[in-house]
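Working notes, beginning with the structure itself.
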Amino acid sequence: MHATIDIGPATLERVRPDLVVIRFKPGTIADPASFQQSMGARKEHCSNTPHMVMLVAPDDVDFDPSVLGKNHYKDQGAEAFTLGLALVSRNPTLMNILELYYALHPAPFPVSFFREESEALPWVEAQLARRKV
């Protein structure tokens with residue numbers, strides 16, 4: 001089931017029905033367009049099954065401040081197919097900005113922040129286990 005799809009600024013990998021990994025490419029700028037591309041790709045390829053998302057950003061990803069001014073989840077229907085979001089990056093500036101974004105615009109699903117994928121995966125599994133109880 002490891003179908004990897006190139007979505008421009010990132011790749012989308014359906015690791016299994018309940019887990020999607022989005023990996024931003026080196027040098028990418030996290031801006032409203034890249035956000036919409038990743039959301040659109042998940043809607044197109046994965047919205048048939050509710051799933052967790054692990055979003056992985058390389059150290060050199062830059063961030064367009066205009067992202068902070070808008071709730072990008074509003075009216076997208078993401079809560080229908082998103083069980084939770086694990087954000088992974090070793091870039092402390094990016095993580096601080098993402099924490100600010102989610103403080104300003106709370107997501108309609110659980111969100112947590114990690115430095116390593118190996119730290120995020122147990123949280124993802126715990127979120128999935130809670131859903132099955």
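Values in this text are rule-based calculations from the coordinates and carry no lab data. Here the structure is a predicted model, which means the values were calculated and not measured. Cβ coordinates were reconstructed from backbone atoms using ideal geometry, including for glycine residues, and neighbour counts include every protein chain displayed.
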Report summary line: If amide H atoms are modeled at 1.01 Å from N in the peptide plane, then the residues at a separation of 5 or more from THR82, or on another chain, having amide H under 5 Å from its own are HIS51
**Report entry** Sites matching trypsin sites (Lys or Arg not before Pro) across the stretch 82-133 that sit in DSSP coil, with at most 13 neighbouring C-beta atoms within 10 Å
**Finding:** ARG90, ARG115
Query raised in the report: So for the chain: antiparallel DSSP bridges make up what percent, rounded to the nearest 5?
Result: 35
Query - the stretch 87-94 - phi-based ³J(HN,Hα) in whole Hz, Karplus 6.51/-1.76/1.60, Gly and Pro as x - result: 9, 10, 6, 8, 7, x, 5, 4
**Report entry** Interchain or long-range residues, amide H under 5 Å from VAL111's placed H
**Finding:** LEU85
**Report entry** Residue-wise HN-Hα coupling along the stretch 98-106, computed from phi with Karplus coefficients 6.51, -1.76, 1.60 (Hz; x: Gly, Pro)
**Finding:** 5, 4, 5, 4, 6, 6, 6, 10, x
Query raised in the report: Rg(Cα) of the stretch 3-132 divided by 2.2 N^0.38 Å?
Result: 0.96
Query raised in the report: Roughly how many debye, to the nearest 20, is the charge dipole of the chain about its Cα centre, given +1 on each Lys and Arg Cβ, -1 on each Asp and Glu Cβ, and no other charges?
Result: 440
Report summary line: Dipole check, the stretch 3-132, charges on Cβ (K,R +1; D,E -1), about Cα centroid: among GLY27, VAL53, LEU68 the Cα furthest to the positive pole belongs to VAL53
Query raised in the report: What value, in deg cm²/dmol to 500, does the helix sum -39500 (n - 2.57) over DSSP H runs of n ≥ 4 give at 222 nm once divided by the residues of the chain?
Result: -11000 deg cm²/dmol
Query raised in the report: Residues with amide H under 5 Å of VAL61's amide H, sequence separation 5 or more or different chain, H placed in the peptide plane at 1.01 Å from N; which?
Result: GLY27
**Report entry** Backbone HN-Hα couplings from phi across the stretch 39-56 [Karplus 6.51/-1.76/1.60, Hz, Gly and Pro as x]
**Finding:** 5, x, 5, 5, 4, 5, 9, 9, 6, 6, 10, x, 8, 7, 10, 10, 9, 10
